[in-house]
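Below is one structure, written out as structure tokens; comments come after it.
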Amino acid sequence: MSHWKRWFDERMNEKVSLVDYIREVWIYNKDLFYDIVGNRIKVPQEVLEIGCGTALEILAPLSARGFRVTGIDKEKDMIELAKHNFKMLGLKGRFINQDIFKFNTNKKFDLVLSIGLIEHFSKNKILELVKLHKKLSEKYIVLIVPTKHQRRSERKMRVKAPDWIDLNFKYLLDITKKSGLKFVSKIAYGDIIRVDYIPPVIAKMIRETGYAYTIGILCKV
Ligand SMILES: C[S@@+](CC[C@H](N)C(=O)[O-])C[C@H]1O[C@@H](n2cnc3c(N)ncnc32)[C@H](O)[C@@H]1O
């Protein structure tokens, strides 16, 4: 069994059911698929997630809305889990078991994204990986990573996520520029402070300094 499968099993086992897990990850990532993705690309355009894992975070809600989705993952058991999850939810998707560094295709997607992938590689490899996102995309790419603040949520887990390096906005901007991508907007969600008593615009500004659990970047190719 792959390390990622053990990690996801532990996360899912904490929940009462698959629905419980989905509710949590869909609510958590809602800004990403409604505001960021939904405002840029339209149904039935094509989305590729590199390192799709369970496919629950983003591919499932996008497929439910009518996007054509493809997930690629180097772990066979993660691809099996993604297929199983889609079957349980009655969703359509295409899944490929392949290491992205060995993936050879001329096909391009409207949006190529990854969530929790690039931070597990060395900085040289990250550059190569971001260039691969670009090569596979016709329009947009999105890179999402956890912040140093998210480490706290790992502490109580028995199975830790594979080691990662903390990447900030400055680094994300730099790496996308080096890859020849055009910056569109910052992405930041997962409030660290209570935001219900401050104006949403201020809360957004605070998150975009990196004071959030999850940050990312939206670029055009
Ligand atoms: C944090 S998980 C992604 C979670 C996913 N967003 C979801 O909805 O469950 C990262 C995934 O990247 C995959 N991965 C790591 N290196 C990879 C590579 N070289 N090629 C393809 N997938 C890779 C791992 O197997 C793992 O499933």
For labels at LYS148 and LYS123 in the simple 7 Å Cα→Cβ model, what's the distance in nm?
1.5 nm
Restricting to lysines and to Cα separations under 16 Å from LYS15, and discarding same-chain partners fewer than 8 apart, the set is LYS5, LYS156
Out of all DSSP beta bridges with both ends in the chain, state the antiparallel percent to the nearest 5.
45 percent
Other residues with Cβ under 15 Å from the Cβ of MET88 give, with Lys and Arg +1 and Asp and Glu -1, a net charge of +3
Using a 10 angstrom cutoff on alpha carbons, build the Gaussian network for the chain and name the most mobile of SER17, SER63, SER185.
SER17
Size of charge dipole - segment 87-153 - debye, nearest 20, with Cβ of Lys, Arg +1 and Asp, Glu -1, no other charges:
60 debye
Placing unit charges on C-beta atoms (Lys and Arg positive, Asp and Glu negative, everything else neutral), compute the dipole magnitude of the chain about its Cα centre in debye, rounded to 20.
500 debye
Among residues other than ASP110 whose Cβ falls under 10 Å from its Cβ, what is the net charge (Lys/Arg +1, Asp/Glu -1)?
+3
Below 15 angstrom from the Cβ of LYS123, what's the summed charge of the other residues (Lys, Arg +1; Asp, Glu -1)?
0
So for the pair VAL43, LYS135, with labels modelled 7 Å out along Cα→Cβ, what separation do we get in nm?
3.4 nm
How far apart, in nm, are the 7 Å Cα→Cβ label points at ASP20 and TYR34?
2.5 nm
Modelled FRET efficiency - R0 45 Å, HIS3 with ILE202, Cβ distances, 0.05 increments:
0.70
Dipole of the chain (Lys/Arg Cβ +1, Asp/Glu Cβ -1, origin at the Cα centre): which of GLN45, ASN85, THR209 lies farthest to the positive side?
GLN45
Run through all the Cα pairs of the chain and give the fraction in each 5 Å bin from 0, expressed as whole percent.
1, 7, 15, 19, 22, 19, 12, 5, 1, 0
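Every number in this text was worked out from the coordinates using simple rules, so none of it is lab data. From a predicted model like this one, the values you see are computed outputs, not experimental measurements. Neighbour counts are summed over all protein chains in view; Cβ atoms, including those assigned to glycine, are modelled from backbone coordinates with ideal geometry.
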